[in-house]
Amino acid sequence: MQYRDLLSRIGQRIRETREWKGLSQTQLSEASDITDSFLSQIERGRKAPSMDKYCRISAALHVDPSLLMAPGDDERAKALRELMVTLSDCPLDLIYTATEISKQLVSYDKTIRKGPED
């Protein structure tokens, strides 16, 4: 992967996460203590944030920094990132509950796909 492609991917992930959280660029720039202009350039893949700024952006979004660099741009990867972002602001007990419900949904789906046994 080329450096520019990586910057573009990180910027796109920051923008997606910000939008999923319902934040404006101004709100995120204020929360991460960077200028609107610089955040805009990061989101467009034009500028690379320093590690400090990258971590401040991640903290302001309440997500693990690795989520913004996670591999995969297909719909499945995007949906999984959105789920993680959605749960990132929840209390721990709710995250565990959502995990258990997800396991039950997966089990139910496997049962339905398998079909009736003869």
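None of the figures in this text is laboratory data; all of them are computed from the coordinates on show. Everything quoted here is computed from the prediction, not taken from an experiment. Backbone-built Cβ (ideal geometry, glycine too); neighbour counts: all protein chains shown.
Can you spot the lysines whose alpha carbon is less than 22 Å from Lys114's alpha carbon? Ignore those fewer than 8 places along the same chain.
Lys103
Mind checking which lysines have their Cα closer than 28 Å to the Cα of Lys53? Skip sequence neighbours fewer than 8 apart in that chain.
Reachable lysines: Lys21, Lys78.
Counting other C-beta atoms within 10 Å, and keeping those with at most 14, which DSSP coil trypsin sites (Lys or Arg not before Pro) do you find in segment 1-105?
Working: sites: Arg4, Arg9, Arg13, Arg15, Arg18, Lys21, Arg44, Arg46, Lys47, Lys53, Arg56, Arg76, Lys78, Arg81, Lys103; in loops: Lys21, Arg44, Arg46, Lys47.
Answer by residue number: Arg44, Arg46.
Using the Cα gyration tensor of segment 6-46, with a ≥ b ≥ c the square roots of its eigenvalues, what is the shape: rounded (a/c below 1.5), prolate (a/b larger than b/c) or oblate (neither)?
Note, shape of segment 6-46 comes out oblate.
Given the -39500 (n - 2.57) contribution per DSSP H run of 4+ residues, what per-residue ellipticity at 222 nm results for the chain, rounded to the nearest 500 deg cm²/dmol? Walk me through the numbers before you get to the answer.
Numbers: 6 runs with 82 residues, N = 118.
The helix-only estimate for the chain comes to -22500 deg cm²/dmol at 222 nm.
Mind checking which of Gln25, Gln12, Gln104 has the largest fluctuation in a GNM of the chain, springs on alpha carbons under 10 Å?
Of the options given, Gln104 has the highest mean-square fluctuation.
Which of these values of Cα extents along the principal axes in Å was calculated from the structure shown: [x] 38, 37, 19; [y] 63, 34, 21; [z] 65, 29, 18?
The listed entry that was calculated here is [y].
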